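Right, one structure below, let's go through it.
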Amino acid sequence: MVNETKLIIATLLADADADLRRQAAEDLAESCGLASIAALAAALGDENKGVRDAATRTLLNIGGVNVARAIVEYIADENIVTRNLSASLLTNLGAVSVRALLPYLQEGDPDVKKIAVDILGLIKNEEAIPRLVPLLNDHDSNVSISAVEALGNIGSSAAVPHLFRAFNEQECAQAEIAEALGKIGDPSSRDFLELNFRLTLGNTARNPLVLYALLEALATVGNDHTLQVLGEQVQSVEGNVRNVLLHAIIRIAERVDYPISSLNLQNAHLIKAQSDRDPQIKTSAAKGLLSSNDNEATRALMKSFGISDELDTLLFQELITRDRVWAAAEEELDQPGAKPKKQIIDLIRRFADSLVPAMFRGGSGIINDEQMQRLFESVAKEWHEANQETRETVIGTLFSLDSDHAVQFLDEVLNDPDPWLRIQVIELLASRTNRNAVDFIARFLGDEDEMVREVAKATLQAGGYLFDIPEAIPQ
């Protein structure tokens, strides 16, 4: 067995055939000896990707301290591929790699030192903290910033006082330090972050990225008092700073269950934040506007559709109960330019479906026939430019608004001689249980095109309606 292992190692290290070297790397999976591990580690530098990948898998399968010790030296290799493979392996091996990496924190080459720091941060083992803290003052800024990020990734409160000190001593790393404090999320950093938020806000010469990082961290650790601190500054800032500030306020309020309606945020500020490029800021702005029930907020919220499925669900739930939401939806639908029209059309459908027919026809004064007709026309005009998914929503909404009128509209659409358009309409109506929709599909049982007839028949059969429909198959 020993001789066989030696032959496999020799093949891995010296055979000219890459396939044989790869097979040798795989065959060593059952061998945990130091010689096998050393050979596999050396194979991380093989010129053939298949061999490198096989060696990586085998080393990971063997695992343990010996593997970490064997591969750690390759984080200093001249070949970037070998360095990256070694770093990835050490990270995946986890805590067993920590002690193998610690000596490299004393490495003279700052690039090698930085790699070791980065790996320790990804492993997230607290054993490394005492050795990382001194590197906060490393003469190489890349190393010191990596140490900050590593401590943030490890996430231990033991690093917090050291990061406070570094924040006060190293202005160039303040943004990264604030971000690390946010990742750690220890409440003990709240006062420090609030204080430096005030100081940074009052110092126009400071890097705005520091302010953003402080706000991001406060969004993680802030409390009711933080809401007061931040709320006092909303009027004194503008632009991106105000958008980020509002985002932080909304996030804190959600986390501590503070009513957003009690924050007294101005709609005008939230509406401006809706134009931010960051979808998370857009989402927070929408949540802020949801606390206001006036028409301005309702109209503005129409522009928040399409940011995320989660927000769309929230908007549907909240907007459907608002007075004259249909008017705001109609207004937004009629605006030129690209908008999330599918969601707005779907909102109109939900609104129509939520009302009993007597109320919807004007009995309650919520919407009268003329207004309903205008709403119908606004939805119908979206048909021709819509994609398949939006057309399905258009059809459903038209039937919810006025099924008789919807049939008339579809009659006009189907003047087109293309049978594929008729098939498309049938498929779009397949999920509608409205009797008018079923009857409309049944008309195609006598269509001149065989494919259209078959699709209509299959659709009605699938819905269990065919037995109610008189035969209309052409002679």
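Taken together, the values in this text are just the output of simple stated rules run on the coordinates, not laboratory data. Computed from a predicted model, the values in this text were never measured in an experiment. Methodologically, a virtual Cβ is constructed for each residue, glycine included, from the backbone with ideal geometry; neighbour enumeration extends over all protein chains shown.
Remark: pairs (first residue in region 124-143, under 20 Å from Leu90 (Cα atoms); second residue part of a helix (DSSP H, G or I) and basic (Lys, Arg); Cβ separation under 7 Å; 6+ apart in sequence or on different chains) = Val143/Lys113; Val143/Lys114.
Please go through region 80-117 and pick out each residue that is over 24 Å from Ile62 (Cβ atoms), in contact with a helix residue (DSSP H, G or I) (Cβ under 7 Å, 6 or more places away or on another chain) and part of a helix (DSSP H, G or I). Those that are over 24 Å from Ile62 (Cβ atoms), in contact with a helix residue (DSSP H, G or I) (Cβ under 7 Å, 6 or more places away or on another chain) and part of a helix (DSSP H, G or I): Leu105, Pro110, Val112, Lys113, Lys114, Val117. The selection criterion, being at negative phi and not in a helix (DSSP H, G or I), does not hold for Gly152. Of Arg198, Arg190, all but one fail to be surrounded by fewer than 16 Cβ atoms within 10 Å (Cβ to Cβ) and assigned to a helix (DSSP H, G or I); the exception is Arg198.
Counting just the residues of region 58-75 that are among the small types (Gly, Ala, Ser) and closer than 13 Å to Ala41 by Cα, which one comes out surrounded by the fewest Cβ atoms within 10 Å (Cβ to Cβ)? Applying the filter and picking the extreme gives Gly63.
What are the residues in region 133-149 that are in a helix (DSSP H, G or I) and in contact with a Ser or Thr (Cβ under 9 Å, 6 or more places away or on another chain), if any? Leu135, Leu136, Asn137 - these are the residues of region 133-149 that are in a helix (DSSP H, G or I) and in contact with a Ser or Thr (Cβ under 9 Å, 6 or more places away or on another chain).
No other residue among Ala42, Ala38, Ala25, Ala55 is crowded, with 18+ Cβ neighbours inside 10 Å and within 23 Å of Ile119 (Cα to Cα) apart from Ala55.
Among the residues of region 328-355, those identified as among the aliphatic types (A, V, I, L, M), closer than 11 Å to Ser378 by Cα and more than 26 Å from the chain's Cα centre (by Cα) are Ala329, Leu333, Ile348.
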